[in-house]
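Trainee: My questions all concern the structure below.
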Number of protein chains: 2
Amino acid sequence: MAGIKDVAAEAGLSVATVSRVLNGHPSVSEDARRRVTDAVERLGYRPNAVARSLRTDQTRTLGLVISDVMNPYFTELARSVEEEARALGYSVIIGNADERPDLQDHHVTTLLDRRIDGLLVSPTDGGSPGMLGAARAGTPMVFVDRWIPGVDVPVVRSDGRAAVRDLVAHLHALGHRRLAIIAGPAATTTGRERVDAFREALAAHGLELPDAYIGQGDFQAGSGRRVTEGFLDLPQPPEVVFAADNLMALGALDAVRARGLGVPDDIGLAAFDDIPWFVHTDPPVTAIAQPVRDLGRAAVRALVDRIEGGPGASVTLPARLVVRRSCGEGGPGIENPPSPVRRSTP
Amino acid sequence: MAGIKDVAAEAGLSVATVSRVLNGHPSVSEDARRRVTDAVERLGYRPNAVARSLRTDQTRTLGLVISDVMNPYFTELARSVEEEARALGYSVIIGNADERPDLQDHHVTTLLDRRIDGLLVSPTDGGSPGMLGAARAGTPMVFVDRWIPGVDVPVVRSDGRAAVRDLVAHLHALGHRRLAIIAGPAATTTGRERVDAFREALAAHGLELPDAYIGQGDFQAGSGRRVTEGFLDLPQPPEVVFAADNLMALGALDAVRARGLGVPDDIGLAAFDDIPWFVHTDPPVTAIAQPVRDLGRAAVRALVDRIEGGPGASVTLPARLVVRRSCGEGGPGIENPPSPVRRSTP
DNA sequence: CTGAAAGCGCTTACAG
DNA sequence: CTGAAAGCGCTTACAG
């Protein structure tokens, strides 16, 4: 593979001059520029990014550590992050933690070893040693979606409180009173917040959230299945189950179907995080949608700002309720009810 | 950040010795080893992977260029690839081509600039210049899922022929005769092969595949929607539509629903690539499942073999038909028909 | 505007 | 077993 020396030889100039034209340095004669460009073309030369990074101490690469790539929410987030990063001249390396703190640590360590310029993370837990270390070491960093309280890092996320309030009002209006939740891990902010928001919203309607109606999940389908089975086994099962993410909703659907029961007739279902498939599930699932694309974009902007020495402002975007048919919205016997979309910000 | 020199100073040894213990070189005294280990610990030293790569000319990194991350099939493939790579001591950088040759080229170029040790690609088209160049330049490379005829690179893929035959036999037994397909891009092998397999299978039953029943899609939901609308507008619409991937099946579902029609009563639907959501769509979708995890694993093994100078054997794995209810399997009025799973290899 | 030279943080023959 | 030194492919003050 041709190196910069080959180009210099081919162009009859020094490597310094070649480097200058490669980097668009202003003080290069038009003649030299052309000779280098031609030589580069002839040799099919491509600068070695590894060498360049070592020398300049920047890789133009962002690390993104997400909790679970198989979760459509995170897949879309990753896509949006890559898009925005590319637009700003950065590459991104994705690390999939699979909701495992040890894997998360493995990825931040690997990413740091590669000297990425900045780190975007959606922490799996309350803070694995590697992650905390990275934050302390001063690596430019920003949290997306989930964050860690007490760690001084900008947070880009969406606030589901209003949407959860809308959801509960919606369920209440439908006549439901026994509402349960499949919670995410208590070690995550989103895991905790969604339960809190749900409980608060219930309280506003004079409703309680008994312990038996809080199932501990881990944001994966399997836990949604197990928790739902538990709910179904209760002497007094809930009327509606609210899954704190789309994968646990999938699990809930599995569990209900495995019992030969139906949604929403036997039990209602709502989910946090909307995905295209929810339109076509049986029944279409009422969900809370986050502005994923915007979150990804904002996160990259904040991170790049930090990298360039800026403050990297936090941003919070609203989520919104999307009403469909999984909570008995049609009423018994009604085939094709209207499907209004309600926004959390009226 | 501490460098190897700091460690050497701290340990009272030369950087050469430090490097040796870091790399597990045998000829190092026990005493030196301990002093270095301690110094590393004290300083929280981590080797700079960029410098190491420059020196050793290997990055222990694999590039994976896929056609569309948002497609659950590829997401799962990417996950499996990363898992196996990690097990073998490699990291992977994912490039998402979004079915665009230009983006694909952007990613292979970037990946090559970073001097990845090997490239895994599922080509978006018949071969963008960058990709062909990489293959010619001798970068260790293997194709996954899709490949490019005439390019001498191992191929790891799944053969859907038998499963498509099973599907057509299944549809024929159900009494369907007018079968249509939403094809993938003709520039991709999977786009062509699935149409060919479908046509052959039809022929075996004395059925034709008229041009009007071949809709040109691009593996994305939007095209599935458009093609399906076209089918529905035909004077004689097909009885069953076979979507060549899961995203186009989603689009088909959208289109049918938008017309106020239903699957399978008004039109049947089958899809290539099975995904968890197909169990819960309305109705559950009959699909052809690929052994994705195994494909990912095999692809990484082949690539690493190539990197280490081996031949990197091609591998082809069978796909299988999963019968559900989207083709009228229940018959009119039957609520819960058995859902047999038929394997393509009897 | 151009070039010689130093140096980024490592690894690895080569001596000893 | 250990160290001094060269070198991986670049970029960038420093002179001229």
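The values are calculated or read from the model by the stated rules, or taken from the named source; none is laboratory data. Quick caveat, the model's predicted, so the values are computed rather than measured. Virtual Cβ from ideal backbone geometry, glycine too; neighbours counted across all protein chains shown. The protein model used for the area step is the full one, side chains on, heavy atoms only, and it has no ligands, DNA or RNA in it. Shrake-Rupley method; radii C 1.70, N 1.55, O 1.52, S 1.80 Å.
Trainee: Could you tell me the total accessible area buried at the A-B interface, probe 1.4 Å, in square angstrom to the nearest hundred?
Mentor: Adding both sides of the contact gives about 4400 Å².
Trainee: Sticking with this one: For a protection proxy built on the mean count of beta-carbon atoms within 10 angstrom, sort B:148-158, A:305-315 highest first, please. Walk me through the intermediate numbers first.
Mentor: Details: B:148-158: 18.5, A:305-315: 15.5.
Going by the mean number of other Cβ atoms within 10 Å, highest first, we get B:148-158, A:305-315.
Trainee: Still on this structure: Whole-Hz ³J(HN,Hα) for each residue in the stretch B:262-272, computed from phi via Karplus 6.51 cos²θ - 1.76 cosθ + 1.60 with θ = phi - 60°, x for glycine and proline: what do you get?
Mentor: x, 9, x, 4, 8, 7, x, 9, 9, 9, 8
Trainee: Something else now. Extending each Cα 7 Å along its Cβ direction at A:ALA203 and B:ALA203, get the distance between those two points in nm, one decimal.
Mentor: If labels sit at A:ALA203 and B:ALA203, their model points lie 7.1 nm apart.
Trainee: Still on this model: Near the amide H of A:GLY268, under 5 Å away, which other amide H atoms are found, from residues 5 or more places off or on another chain, if H is placed in the peptide plane?
Mentor: A:VAL240, A:VAL241
Trainee: Skipping prolines and chain starts, which residues have an amide H placed within reach, meaning under 5 Å, of the one on B:SER158, given they are 5 or more residues away or on another chain?
Mentor: Excluding prolines and chain starts, which carry no amide H, the hits are B:ASP145, B:LEU317.
Trainee: Another question, if that's okay. Quantify how much of the Cα-Cα distance distribution of the stretch A:213-326 extends past 20 Å, in percent.
Mentor: 48
Trainee: A drop of at least 30 square angstrom in accessible area, chain alone versus all protein chains together, probe 1.4 Å. Which residues of the stretch B:279-309 meet that?
Mentor: When all protein chains are present, B:HIS280, B:THR281, B:ASP282 each give up 30 Å² or more of accessible surface.
Trainee: Amide H of A:SER91: which non-local residues (sequence gap of 5 or more, or other chain) have their own amide H closer than 5 Å, using H built in the peptide plane?
Mentor: A:THR61, A:LEU62
Trainee: Students often check this: by mean Cβ neighbours within 10 Å, which of A:189-195, A:171-177, A:251-257 ranks highest, and how do the rest follow?
Mentor: A:251-257, A:189-195, A:171-177
Trainee: Oh, and also: With r defined as the distance between the Cβ atoms of B:GLN236 and B:ARG55 and R0 fixed at 56 Å, what FRET efficiency is calculated, to the nearest 0.05?
Mentor: The calculated FRET efficiency here is 0.25.
Trainee: Over 35 Å, how big is the tail of the calculated P(r) for chain A, in percent of all Cα pairs?
Mentor: Roughly 36 percent, rounded to a whole number.
Trainee: Within the protein assembly as shown, what percent of beta bridges assigned by DSSP are antiparallel, to the nearest 5?
Mentor: 10
Trainee: How many percent of the alpha carbon pairs in the protein assembly as shown exceed a separation of 34 Å?
Mentor: Counting pairs separated by more than 34 Å, the tail of P(r) holds 52 percent.
Trainee: Oh, and also: Copy-to-copy spacing for A:GLY24, label 7 Å out on the Cα-to-C-beta vector, in nm, shortest first?
Mentor: 4.4
Trainee: Let me ask something else about it. Using a 10 Å cut-off on Cβ to Cβ distances, tally the other chain neighbours for every residue of A:181-192 and report the average as a whole number.
Mentor: Details: counts 0, 0, 0, 0, 0, 0, 0, 0, 0, 0, 0, 0.
The mean count of partner-chain Cβ atoms within 10 Å per residue comes to 0.
Trainee: Using the heavy atoms of the protein chains and a 1.4 angstrom probe, tell me the accessible area per residue for the stretch A:177-336 in square angstrom.
Mentor: Accessible surface, normalised per residue, equals 39 Å².
Trainee: For chain B, with a Gaussian network of springs between Cα atoms less than 10 Å apart, report the residue from B:ARG114, B:ARG20, B:ARG320 with the top mean-square fluctuation.
Mentor: Checking each option, the largest mean-square fluctuation is seen for B:ARG20.
Trainee: Regarding the stretch B:48-204, what are the three Cα extents along the principal axes, ordered largest first, in Å?
Mentor: Taking max minus min along each principal axis of the Cα atoms, the stretch B:48-204 gives 66, 31, 25 Å.
Trainee: State, to one decimal in nm, how far the label point of A:ARG100 lies from the label point of A:VAL15, with both points 7 Å from Cα in the Cβ direction.
Mentor: About 4.3 nm separates the two model spin labels.
Trainee: Another question, if that's okay. With unit charges on the beta carbon (Lys/Arg positive, Asp/Glu negative), name the residue among B:GLY118, B:ASN71, B:ALA319 whose Cα is farthest towards the positive pole of the charge dipole of chain B.
Mentor: B:GLY118
Trainee: Here's something else I'd like to know. Suppose we compare each residue of the stretch B:112-149 in its chain alone and in the full protein complex with a 1.4 Å probe; which ones drop by at least 40 Å² of accessible area?
Mentor: So the qualifying set is B:ASP113, B:ARG114, B:ARG115.
Trainee: So what's the convex hull volume per residue for the Cα atoms of the stretch B:1-81, in Å³?
Mentor: 139
Trainee: Mean-square fluctuation check for chain B, GNM, Cα pairs under 10 Å: which of B:ASN23, B:ASN71, B:ASN48 is largest?
Mentor: Among B:ASN23, B:ASN71, B:ASN48, the largest mean-square fluctuation in the Gaussian network model of chain B belongs to B:ASN23.
Trainee: Work out the FRET efficiency for B:ALA313 and B:ASP211 from their Cβ-Cβ distance, taking R0 = 30 Å, and round it to the nearest 0.05.
Mentor: Efficiency for this residue pair is about 0.20.
Trainee: Rounded to the nearest 500 deg cm²/dmol, what is the calculated helix-only ellipticity per residue at 222 nm for chain B, with -39500 (n - 2.57) per DSSP H run of length n ≥ 4?
Mentor: It lands at -13000 deg cm²/dmol.
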